[in-house]
Amino acid sequence: MYLSKANLEKVLEAAERIKIAVIGDICLDRYVLGDMVGISREAPIPIINILSDEYLPGGAGNTTLNGRGLGCQLYPISVLGDDLAADIISREFKRRSIHEEFLVRDSGRHTQSYTKVYASCYRGPYQQSARFDQKNYSPISQQSESCIRENLKQAAGMVDAIIVADYAEVAGTGIITDALFDDIRSLAKSGRVIMIGDSRERVGSMRHFTAIVPNDVEVAMTLYPNDYQTRPFQDEKHAAEYALALQKMTECRYVISTRGEKGALIAEADGRTTVVPTEKAEGAIDVTGAGDCFAATLAAALVARLDIIPAVRLANLAAGITVKKLNTTGIATPDEIRAAYAVTSNP
């Protein structure tokens, strides 16, 4: 048994007392679902009759939603524009009683947004038919950087864990600047607070964290940036070797390589590796946001003093719930986690 019922309840019952900060780029995700009803006469494009229109905080905002979905107290740290997208994000945070005192508004920057349009034809399955992105292509201002660095210092003195969600898609434009990254590494090395790191491009720079949670591709990319695609990172033997190499490089307590239906592989400083299984997802799945759920759940479990193996098992269980929520970035609630645990074949 990887996760006992007692340990599961220990985390869920402690959640309301757990304080987690999430630092990283927050965007606005918009999900538009509709029926394709014909082809436009003005241009060769589909006409989509909108049936639903949903706005959700994305990026580090989705990590925040997942932590709050567990019942924890969440403190996002980020820079938003002074625009409608930021207002919508603030509205969604307020609806969920998420703390906003560490959010900075910058009128010289727009809030990143991603609109995804899903269409169904003749009652068939929804398929993504269009996507519209609005990104920043310049660095944050020095004033915003100073505010964020100060906000990180303040948050570190009041929270139990910090999740670093480094998701900037355009290099040099995200809120986690080189100076802020130095602050984050110093904080991680001090050991004052549990630090969880997730980054698409800079996971190798996340030194001395409690845990980093790259997927298997990101592990290979970090170690072998020029030829990672030719590396056999998908088999368990090499996945373990690569995770251990990344642990040695970063000196993190744990490197947790997430591997989809193959579960998660934990590499520790003493050279041990452990594979923690996940439930096989039946039917259609959407992995968008599963890593955010994994990181948030792992942070809560470690704050609740679970050992690493049951903590990862719980994170796997929660992430497995979100992948079944299609055409959106979902969260895993305590009731959903309890229900999934009750039917799991390998707790």
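The values are calculated or read from the model by the stated rules, or taken from the named source; none is laboratory data. Everything numeric here is computed off the predicted structure, so don't read it as measured data. Cβ placement follows ideal geometry from the backbone for every residue including glycine, while neighbour counts extend to all protein chains displayed.
A few remarks follow.
Residues checked against (1) in contact with a helix residue (DSSP H, G or I) (Cβ under 9 Å, 6 or more places away or on another chain); (2) surrounded by fewer than 23 Cβ atoms within 10 Å (Cβ to Cβ); (3) farther than 17 Å from residue 162 by Cα; (4) among the hydroxyl-bearing types (Ser, Thr, Tyr):
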site	(1), (2), (3), (4)
255	yes, no, no, no
265	yes, no, yes, no
273	yes, yes, yes, yes
287	yes, yes, yes, no
292	yes, no, no, no
296	yes, no, no, no
302	yes, no, no, no
309	no, yes, yes, no
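- Test: residue in the range 229-241 that is modelled with pLDDT under 95 and within 22 Å of residue 165 (Cα to Cα): no
- Residue pairs meeting the criteria (Cβ under 8 Å; at least 6 apart or on separate chains; first more than 16 Å from residue 144 (Cβ to Cβ), in the range 82-110; second of a type in the set (Lys, Arg) and at pLDDT 95 or above): 96/68; 97/68; 98/68
- Identity of the residue in the range 47-86, β-branched (Val, Ile, Thr) and farther than 14 Å from residue 167 by Cα, that ends up surrounded by the most Cβ atoms within 10 Å (Cβ to Cβ): 48
- Meets criteria (over 14 Å from the mean Cα position of the chain (by Cα), more than 29 Å from residue 31 (Cβ to Cβ), outside any loop (DSSP other than H, G, I, E, B) and not polar (S, T, N, Q)) for residue 309: yes
- Scanning the range 117-153 for residues that are buried (at least 17 other Cβ atoms within 10 Å of the Cβ), more than 26 Å from residue 195 (Cα to Cα) and in contact with a Ser or Thr (Cβ under 9 Å, 6 or more places away or on another chain) turns up 117, 118, 119, 126, 136.
- Within the range 131-145, the set of residues being in a strand (DSSP E or B) and among the polar types (S, T, N, Q) comprises just one member, 134.
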